[in-house]
Amino acid sequence: MARLTELAILPEDEPTLAGIVAAFAWTSLLDSFRQLNQAKFMVLEEMEKSLPFQPFRKEREIYKSLERSAFSTIERRVPWAFLAFYLVVLVVPLMRPL
């Protein structure tokens, strides 16, 4: 295994490092959009209270009864899968004997 003092970021590692940064940025962006959507739905829920029918509440009830994973739950796993892949690509060569 390479000693820590012998480790250096080589040009061929740059795409991998860029992928890691992109995965973190992707995760941050998803969190930001999730928070924005939560705020928008809070406003819509307040507005829909004065309506004779609450379509967003009904949609949520139906979706929960289907026992499906929320899209945002699945969506958040994708950048983490890429991050894991890029870390493996970066670390595995370091584990090879010199």
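Rounded to the nearest 20, the size of the Cβ-charge dipole of the chain about its Cα centre is 360 debye, with Lys and Arg at +1 and Asp and Glu at -1.
Order by neighbour count: Tyr86, Tyr63, fewest other Cβ atoms within 10 Å first, most last. Write out the running numbers ahead of the final one.
Numbers: Tyr86 19, Tyr63 12.
Fewest-to-most Cβ neighbours within 10 Å comes out as Tyr63, Tyr86.
Taken over the chain, the percentage of Cα pairs per 10 Å bin, counting from 0 up to the bin with the maximum distance, is 13, 28, 23, 16, 11, 8, 2, 0.
The string of couplings for the range 72-82 from the Karplus curve (6.51, -1.76, 1.60, θ = phi - 60°) is 5, 5, 5, 4, 6, 6, 4, x, 5, 5, 5 Hz, one whole number per residue in order, with x for Gly and Pro.
What does the extension gain come out to for Arg76 and Phe24, with contour length at 0.36 nm per residue minus their alpha carbon separation?
Details: separation 52, 0.36 × 52 = 18.72 nm, distance 1.09 nm.
In short, 17.6 nm is gained.
In the chain, a dipole from Cβ-located charges (positive for Lys and Arg, negative for Asp and Glu) runs towards its positive end, and of Phe53, Pro93, Trp26 it is Phe53 whose Cα lies farthest in that direction. Rounded to the nearest 10 degrees, the inclination of helix 55-65 to the longest alpha-carbon principal axis of the chain is 60 degrees. When the Gaussian network model of the chain links Cα atoms closer than 10 Å, the mean-square fluctuations of Pro79, Pro52, Pro15 top out at Pro52.
Just so you know, all these numbers are worked out from the coordinates, no wet-lab data involved. Worth saying up front: this structure is predicted, and the values here are computed from it rather than measured. For neighbour counting, all protein chains shown are included, and Cβ atoms are generated from backbone atoms with ideal geometry for every residue, glycine included.
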